[in-house]
1. Filter the stretch 165-181 for residues that are touching a residue at least 40 places away in the same chain (Cβ under 8 Å) and more than 13 Å from the chain's Cα centre (by Cα) and give the result.
2. Among the residues of the stretch 153-162, are any surrounded by fewer than 24 Cβ atoms within 10 Å (Cβ to Cβ) and in a helix (DSSP H, G or I)?
3. I'd like to check something: does the stretch 120-142 contain any residue that is farther than 15 Å from VAL217 by Cβ and free of Cβ contacts under 8 Å to residues at least 40 places away in the same chain?
4. Taking the stretch 202-242 only, how many residues are aliphatic (A, V, I, L, M) and over 22 Å from VAL137 (Cβ atoms)?
5. Can you find, within the stretch 184-214, the residue that is nearest to the ligand (Cβ to nearest atom) among those that are polar (S, T, N, Q) and in contact (Cβ under 8 Å) with a residue 40 or more places away in the chain?
6. Take ALA245 and decide whether it is within 11 Å of the ligand (Cβ to nearest atom) and not β-branched (Val, Ile, Thr).
7. For ALA245, are the conditions met, namely being closer than 14 Å to ALA142 by Cβ and in contact with a helix residue (DSSP H, G or I) (Cβ under 7 Å, 6 or more places away or on another chain)?
8. Residues to consider are ARG269, ARG175; find the one that is within 24 Å of ALA130 (Cβ to Cβ) and either at pLDDT 95 or above or not hydroxyl-bearing (Ser, Thr, Tyr) (or both).
Amino acid sequence: MVIVGRRVPADVAAGRPPALRSRVLPRHRRRVGGAALLLLASCGGGEGPAAEPSPDAARAPVAPEDPRRPLPTGTSVPLEVLAALPPGQMTPYAEELLEEPIELAGCPGVRIVEWRPTAGREAWTAPTWAAVDLLDVTCQVAVAAFHDFVIEETGLSLAPLPPWQIDVSLLPSGREGAVPRTLADHDGRFLARTKKLDAQDRPLGIWGYAEHRSHFVYVRNDVLEEDGSTHAKVLAVVAHELFHAMSWQSGLHDALPPPASAADEALARAFTIAIGLE
Ligand SMILES: [Zn+2]
């Protein structure tokens, strides 16, 4: 059984209106191809320096909880259990799955199957309806804008997106110190992901990742800031990773000029700008 929220009201996005399709697309006219594409090609809509909330920041009350059906509390697996899980499996182990997936009601086929709060930051990193609604709206905007954006940017004809299934994992960033099974678990859970290295040959941190074979999208769990406000960069990463997923599932990725992964990355970056998330 899955938990289904009501359809999200238009004002939920707190300053990021969902009805973006018609007014946003004209803002972005950059053609993707050639040199411009190469300049834009480095992966990392989900990559970049951490911007963790200061532990000394004044603590503001988190927004009151939504009166709808209670959500799963999230899976707080003990660190010693996480550390003992075998490396190399990117998808969640049974211990990490929510008791019930949280389906995004406005985004058919997309569901949250794992949501692990960050220890000591549960108030704003555990499941809440406020966060679910933001994810839902972001997904709706991304799906609604995808087709026209691709045609506008690439000139490719594209069939409508087929029915799809995307499983979403919301994870600690791992920048707080406890790394096992987080987005920073470069040598364990994310051993097999495509990595960019820094000057010291260390993997750059990520805010999100799309894995096409398993149809999974991984993003940080702090959809909300500590004060309950929207964490805009996390939502931009959500849209970025969903773009990659849609690109694969629509056949766009395979139709892009080589190297397709670079072209896809450039488009994903342009996409989040076009829909007003960056
Ligand atoms: Zn990307």
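1. GLN165, ARG175, GLU176, ALA178, PRO180, ARG181
2. For the stretch 153-162, residues surrounded by fewer than 24 Cβ atoms within 10 Å (Cβ to Cβ) and in a helix (DSSP H, G or I): present.
3. no
4. Of the residues in that region, 2 qualify.
5. Restricting to residues being polar (S, T, N, Q) and in contact (Cβ under 8 Å) with a residue 40 or more places away in the chain, the top hit is THR194.
6. yes
7. Answer is no for this residue.
8. Answer to the selection: ARG175.
The values are calculated or read from the model by the stated rules, or taken from the named source; none is laboratory data. Here the structure is a predicted model, which means the values were calculated and not measured. All Cβ positions, even for glycine, are placed from backbone atoms using ideal geometry, and neighbour counts span all protein chains on display.
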